[in-house]
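Taking it in order: structure first as structure tokens, then the write-up.
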Amino acid sequence: MTYTGAATVTISELREFASFTGCEQRYIRRSLDVGLGRQDALKLWGRNATELASIRKQYAAYEEIKVLRGTQPSEAGFEDIESFMGKLLRMAAFDLAQERISSFAAFRFLYERLLGAGIRPWLPAAFCGAAALPQIQPERRKLLLHSISEAAATAPGWSGREPSFYPEWIEKEVA
């Protein structure tokens, strides 16, 4: 890919991230710190006891990330699907239950970065499965399930291009 093409993709990803709510943006950045081990999320993101407890639970929920990255089953067969989808569904359910991700687009953006481009074919199933669980409140279930377009749910193919923009914490300057 040429530099201009790569820059265009990055700008597109920046715009997509900017379209998410402030709450979604904060949660995505925090989740990337937890899942990718970029920062001490407890120290950086924990503002109070409730948030600290949530981050600790998120570290536990994300324990399977390395396994998920290395074990994506074939799209053609059913071998190992229960183990893979079970782990992915549990992690997705945790994130959706936090009530900070309110759309498939924000969920997809986060999971592409946590697990790589190869996860794309599995995201509609994981999102819909997690959003439909009884642990998600009925009104929230409705909001989440309405956020996935028919095109996203029935896509005939997915790009193998890895994400290029990984949002990070930005220190606020005090004037």
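The values are calculated or read from the model by the stated rules, or taken from the named source; none is laboratory data. All values derive from a computational prediction rather than experimental measurement. Don't worry about glycine lacking a Cβ; one is built from the backbone with ideal geometry, like all the others, and counts go over all protein chains shown.
Can you report the number of residues in segment 73-126 which are of a type in the set (Asp, Glu) and under 20 Å from Gly157 (Cβ atoms)?
If we filter segment 73-126 for residues that are of a type in the set (Asp, Glu), which is where we start, we get 75, 79-80, 82, 95, 99, 112.
Applying the additional criterion that residues be under 20 Å from Gly157 (Cβ atoms) yields 75, 112.
Result for segment 73-126: 2.
Scan segment 123-160 for residues that are acidic (Asp, Glu) and at pLDDT 95 or above and report the count.
From segment 123-160, those acidic (Asp, Glu) are 139, 150; that's our starting set.
Those still in the list that are at pLDDT 95 or above too: 139.
Of the residues in that region, 1 qualify.
Considering only residues that are part of a helix (DSSP H, G or I) and at pLDDT below 95, which ones fall in segment 106-122?
First, the residues of segment 106-122 that are part of a helix (DSSP H, G or I): 106-115, 117-122.
Across segment 106-122, the qualifying residues are Ala117, Gly118, Ile119, Arg120, Pro121, Trp122.
What number of residues within segment 123-158 are part of a loop (DSSP other than H, G, I, E, B) and either within 23 Å of Gln25 (Cα to Cα) or among the hydrophobic types (A, V, I, L, M, F, W, C) (or both)?
Narrowing segment 123-158 to residues part of a loop (DSSP other than H, G, I, E, B): 132-137, 147-149, 154-158.
Those still in the list that are either within 23 Å of Gln25 (Cα to Cα) or among the hydrophobic types (A, V, I, L, M, F, W, C) (or both) too: 132-133, 136-137, 147-149, 155, 158.
So the count comes out to 9.
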Check your understanding: Among the residues of segment 22-41, which ones are exposed (fewer than 15 other Cβ atoms within 10 Å of the Cβ) and over 16 Å from the mean Cα position of the chain (by Cα)?
Key -> Asp40
Exercise for review: Kindly list, by first and then second residue, each pair from a residue in segment 86-108 that is over 14 Å from Arg30 (Cβ atoms) and polar (S, T, N, Q) to a residue that is at pLDDT 95 or above and assigned to a loop (DSSP other than H, G, I, E, B), limited to pairs with Cβ atoms under 6 Å and residues at least 6 apart or on different chains.
Suggested key: Ser103/Ser147
Review point. Could you count how many residues in segment 18-77 are without any contact (Cβ under 8 Å) to a residue 60 or more places away in the chain and hydroxyl-bearing (Ser, Thr, Tyr)?
Key: 6
Study note, to complete from the structure: Screening Glu112, Glu162 for residues that are surrounded by 12 or more Cβ atoms within 10 Å (Cβ to Cβ) and touching a residue at least 12 places away in the same chain (Cβ under 8 Å) leaves only Glu112
Revision key, fill the gap. Among (1) more than 17 Å from Tyr27 (Cβ to Cβ); (2) in contact with a helix residue (DSSP H, G or I) (Cβ under 6 Å, 6 or more places away or on another chain); (3) assigned to a helix (DSSP H, G or I), Glu162 falls short only on (3)
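Which residue, of Ala126, Ala155, is under 19 Å from Gln58 (Cβ atoms) and not aromatic (Phe, Trp, Tyr)?
On the way: Ala155 fails: under 19 Å from Gln58 (Cβ atoms).
It is Ala126.
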